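Report on the structure given below.
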Amino acid sequence: MKSARFFAPLLLCMLSFLCGPHLLAQNQTPAPSSDTDDRFRKFLTQFPQSDLDKDGILTREEVQKFNAQRRQNQDRQQRVQHPAPTHADVSYGDHQKQAFDLWLADSKDDNPTPLAIYIHGGGFRGGDKSGLGRVPVQRFLDAGISFASMNYRLSDVGPYPMQMEDAARGLQLIRSRAKKWNLDPEKIACFGGSAGAGISLWLAFGDDRADPDSDDPVARQSTRIVAAATMGGQSTYDIRTFREWFDAPELPPHPALEPFYAVESEEDWESARVQNLMEQASAITHLTKDDPPVFMTYSNKDVPVDKDTAGGVWVHHVRLGLKLKEAMDKLGIECIVTNPEQPADPYEDLEDFITQKLLE
């Protein structure tokens, strides 16, 4: 019995000595591997705001906190309640995607109301007019501005210029019914995110598509607008221009551009057909001194871009707005570009810009 009492503590000490380091290691956060470090660097490039202590080094804890905050923001966006449209699924073509929803604002003294048209994003491959998220429909209505949310055919149906031409046709249909809906056809602005931003800019800078001699009363309507605003928008869809602006000659084309231009092989990118389409699809190609003012907002800083940068970073890069601003400044046209490093002065935000332009 004495020997059992003696060996029991000794055995416990030996087990603690042998197992202790293993148990301690289980309770410690493992050191980041080189793969983890690489993922963190890419994450920091895509989301600079995730570096919560601003020391230039991203930790696992910062990633976890940042992702938790993003989920909370997404939950809040999903909880935003929008009023039911006055007219839902108004068709402007034969395809189910050729439709828009319309909210009519109360009119003061029965005067026609201005109109803000939202055009959804999604890389020309997805998205829907119902995906309004945080878009403040009620804020526009309260300001006496009617609101529309526009769908258009996506790139699985056909390539450029289908998407832009659909939005133009939807705009023309609205103008053709302006009297019926008590809208002011001279006070229409367009805005959107990503692909919807590109379409809005294309409408803002493109030639007026009205055909005054057409037998179609819709086709006789103007496609000109008084202002455009963008969220993460692209002023170009030309891979050659992307490479030049980012000084990244090996930057690969974004996957969304392949169906947008009906590209089937690498050789297609060098073809005259695709290069002409890239020029025509890029809003900056059409910019002239008589074009309307623009407001552009971006969520990230002006970070470097190379061939390994995620497509979601460079295709929504603030430099795409800054380059457009350079061109518009030379023509004396107002262009506001805002991001975490640059405030929206003199406007409160994108919606305030649109409101001011429509109520001028």
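The values are calculated or read from the model by the stated rules, or taken from the named source; none is laboratory data. Every value quoted in this text rests on a predicted model; they were computed, and no experiment measured them. All Cβ positions, glycine included, derive from the backbone under ideal geometry; neighbour counts span all protein chains shown.
Observations on the model:
- The listed residues are Val226, Val294, and the only one of them that is under 28 Å from Gln356 (Cα atoms), at pLDDT 95 or above, hydrophobic (A, V, I, L, M, F, W, C) and crowded, with 23+ Cβ neighbours inside 10 Å turns out to be Val294.
- Number of residues in region 135-159 that are within 21 Å of Ala210 (Cβ to Cβ) and part of a loop (DSSP other than H, G, I, E, B): the value is 1.
- Test for Arg209: is it farther than 19 Å from Val315 by Cβ and touching a residue at least 24 places away in the same chain (Cβ under 8 Å): yes
- For region 281-308, the set of residues classified as farther than 16 Å from Ile225 by Cα and basic (Lys, Arg) consists of Lys301, Lys307, listed by residue number.
- Any hit, region 68-75, residues being surrounded by 18 or more Cβ atoms within 10 Å (Cβ to Cβ) and over 20 Å from the mean Cα position of the chain (by Cα): no
- Of the residues contained in region 69-87, none is found to be small (Gly, Ala, Ser) and outside any loop (DSSP other than H, G, I, E, B).
- Cross-chain or 6+ apart pairs with Cβ under 8 Å, region 327-353 first and touching a residue at least 60 places away in the same chain (Cβ under 8 Å) and crowded, with 20+ Cβ neighbours inside 10 Å, then among the small types (Gly, Ala, Ser) and outside any loop (DSSP other than H, G, I, E, B): Leu350/Ala229; Phe353/Ala227; Phe353/Ala229
- The combined condition, being part of a strand (DSSP E or B) and either at pLDDT 95 or above or under 19 Å from Arg139 (Cα atoms) (or both), is not fulfilled by Met328.
- Selection status of Arg153, in contact with a helix residue (DSSP H, G or I) (Cβ under 6 Å, 6 or more places away or on another chain), at negative phi and of a type in the set (Lys, Arg): yes
- Within the span defined as region 161-182, every residue fails to be hydrophobic (A, V, I, L, M, F, W, C) and outside any helix (DSSP H, G or I).
- Scan of region 119-136 for residues that are surrounded by fewer than 16 Cβ atoms within 10 Å (Cβ to Cβ) and touching a strand residue (DSSP E or B) at 6+ places or on another chain (Cβ under 8 Å), ordered by number: Ser130
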